[in-house]
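Below you'll find the structure, written out as structure tokens, and then a few comments.
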Amino acid sequence: MHNQLAKNIQYRRDVLRVFMLFAFVCGLLFSLINFSRGLYILATLELSFGLFSVFLWRIIPTTPNLDKWVMAYIIPFFLMIMYGLSVQQSEMDIFVWILIIPLLAYLLMGRKKGFWVSVTFVVSGLAIYHWRLISNDIKPISINIITSSLLAMTIAHVYELNREKNEQRLLELAGTDSLTGLANRMKLDQGFQHFSLLIKRHDINLILVLFDLDLFKDINDQYGHNVGDKALCFVANFLKKNIRESDLLARFGGEEFALLMTSSDIDEAYQHINSIRERLSQHPFINNKNQIKITLSAGIAAYGIDGTNLDSLMKKADDRLYIAKSKGRNCIVVTG
């Protein structure tokens, strides 16, 4: 999953590097042609852009500022096309370059930026085209240029929209536990970063709770791992129904779960989690008419009091979870 996400990001670098090689060759070729035709400004721009392509070709694979370099490369390229279109001595065939604008804009800038950049330069290109060659009459060639440009934009937009949806789906899957459908450790890390920013801005509380199902190995040993997996899903759904929508519940591994709670102090968190513990112990998991009682133990840690990063809070909550186990299980510990 993570490899696929990396590939989705890498493709932009690959597309850009291929285009840079193409731009370098074309820049040299067209600069020679336009120098011979006396179009010195256009030729100089094309030669400069070709050399700039070589420079960027070397750093694009590793730069962390890909988006900035894309803007610094593509916008001047589109401006150069606009200038070439406006030069009276340029051939009419240069207008075919309008069609490449949406393709590059969407592939390299994404859907939102690509849309606005495409609209700006395609409309500008079409305006220059009509200003130079068509006067006031709409001719078939004008309709062909307009419709082909709109078609190129539409295809690029639909492609990028679907790619974004697929990438978002991959991100969601990468952050989801495959058995229970809850968040996993990666999503828990991301959630903590988000919550930690909120509590700094708004001075609210953040609580971390670690749950562990008591004697869960006995369920696997007695009923089999298939029933154990169903029991885990039962507990996951039970916990999810009994927490607030603003909180983040994750399966941490095995029979362990983690919960990030905002806007609750440690006493309120204890009351809420202890209530969940009591209700779970009174609602057995039913499998083939077998009523399997499931209880949990938990340790609670508070941001700022027990630590200011996820690892320190996890350690403190885990220490308290261990104390809860040593006290006989089926209890919550907030100190120690």
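The values are calculated or read from the model by the stated rules, or taken from the named source; none is laboratory data. This one's a predicted model, so the numbers in the text were calculated from it and none came from an experiment. Please note: Cβ atoms are built from the backbone with ideal geometry, for glycine as well, and neighbour counts cover all protein chains shown. In case anyone asks, the SASA skips ligands and DNA or RNA and just uses the protein heavy atoms, side chains included. Shrake-Rupley method; radii C 1.70, N 1.55, O 1.52, S 1.80 Å.
Things worth noting here:
- Ordering Phe19, Val54, Gly253 by the projection of their Cα atoms onto the charge dipole of the chain, which places +1 on the Cβ of Lys and Arg and -1 on the Cβ of Asp and Glu, puts Phe19 at the extreme positive end.
- 0 to 90° range, to nearest 10: angle between helix 111-133 axis and the chain longest Cα axis: 10
- For the chain, the longest piece that avoids every one of the GluC sites (Glu not before Pro) found in DSSP loops with at most 14 other C-beta atoms within 10 Å covers 92-244.
- Karplus-based coupling profile of the range 146-159, in residue order and whole Hz: 5, 5, 5, 5, 5, 5, 4, 5, 5, 4, 5, 5, 5, 4, with θ = phi - 60° in 6.51 cos²θ - 1.76 cosθ + 1.60 and x standing for Gly or Pro.
- The mean of 1/r over all pairs of different alpha-carbon atoms in the range 204-293, once inverted, gives a Kirkwood hydrodynamic radius of 13.9 Å.
- Relative to the dominant Cα principal axis of the chain, helix 225-241 is inclined by about 80°.
- Gyration tensor over the Cα atoms of the chain: the corresponding equivalent ellipsoid has semi-axes (square roots of 5 times the eigenvalues, largest first) of 62, 21, 17 Å.
- Extension gain for Ile100-Thr63 works out to 10.8 nm (0.36 nm per residue, less the C-alpha to C-alpha distance).
- Calculated FRET efficiency, Ser246 to Lys200, Cβ-Cβ distance, R0 = 22 Å: about 0.85 to the nearest 0.05.
- For a modelled paramagnetic label at His283, 7 Å from Cα along Cα-to-Cβ, the residues of the range 241-266 in reach, with backbone nitrogen under 14 Å, are 241-244.
- Measuring nothing but protein heavy atoms, the accessible surface of the chain at 1.4 Å probe radius is 58 percent carbon and sulfur.
- Amide H within-cut-off set for Asn205, under 5 Å, with H built and near neighbours excluded: Ser263, Ser264
- Among the listed pairs Lys240/Lys316; Lys187/Lys230; Lys187/Lys327; Lys230/Lys325; Lys165/Lys200; Lys240/Lys289, those beyond 27 Å (Cα-Cα): Lys187/Lys327; Lys165/Lys200
- The chain: angle of helix 66-86 to the longest principal axis, Cα-based, in degrees nearest 10: 20
- Only the Cβ atoms of Lys and Arg (+1) and of Asp and Glu (-1) were treated as charged; on that basis the dipole of the chain about its Cα centre amounts to roughly 280 debye.
- Accessible solvent surface per residue of the chain, calculated while the other protein chains remain in place, 1.4 angstrom probe, Å²: 54
- When the helices of the chain are scored as -39500 (n - 2.57) per DSSP H run of n ≥ 4 and the total is divided over every residue, the value at 222 nm lands at -22500 deg cm²/dmol.
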